[in-house]
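Worksheet: one structure, shown below.
All of the numbers you see were taken from the coordinates with simple rules; none came from a lab. Please read these numbers as outputs of a predicted model, since none were measured by experiment. Neighbour counts run over all protein chains shown; Cβ positions are idealised from the backbone, glycine included.
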Amino acid sequence: MGHSSKERYFNLYSSLFVLNTTYDEDLLVQPGPKPETRTYSDYESVNECMEGVCKIYEEHLKRLNPNTPSITYDISQLFDFIDQLTDLSCLVYQKISNTYAPYNKDWIKEKIYILLRRQAAKAP
């Protein structure tokens, strides 16, 4: 039996994980050098996935500053956080080929930049 590109990529990422294939995007995160720190999250769109990356950073900031009621950050701080992660990848479903394409930190940062720029343009 053949394996999808998503399964092959994730098997490279970690030995045995079963991914939920009902979603179009998967975010693979390894914050530290130990393989046990690997996690993944499913998202229905690239934008939702990028918002998930921002939420991971916001949760990190909340843990570092538990007594701060409101936390703010700029995009350069978010990008520094992304860069210090051992691994951060996004698997995006390609309908034409019925496969998952892996994208790296630079691609993720570009998509986050576009998302945040659009959100800022919509803000009053």
Quiz prompt | Vicinal HN-Hα couplings computed from phi for region 44-52 (Karplus, 6.51 cos²θ - 1.76 cosθ + 1.60; Hz; Gly/Pro x) | solution = 8, 8, 5, 4, 4, 5, 5, 5, x
Self-check item: For Phe79, net neighbour charge (Lys/Arg +1, Asp/Glu -1) across residues whose Cβ lies under 11 Å away
Solution: -3
Quiz item: Assigning unit charges at the beta carbon (Lys, Arg +1; Asp, Glu -1) and nothing else, what dipole magnitude in debye, to the nearest 20, does region 52-124 show about its Cα centre?
Solution: 360
Quiz item: Using Cα-only point scatterers and the Debye equation, what is log10 of I(q)/I(0) for region 32-124 at each q in 0.10, 0.24 Å⁻¹, rounded to two decimals?
Solution: -0.31, -1.42
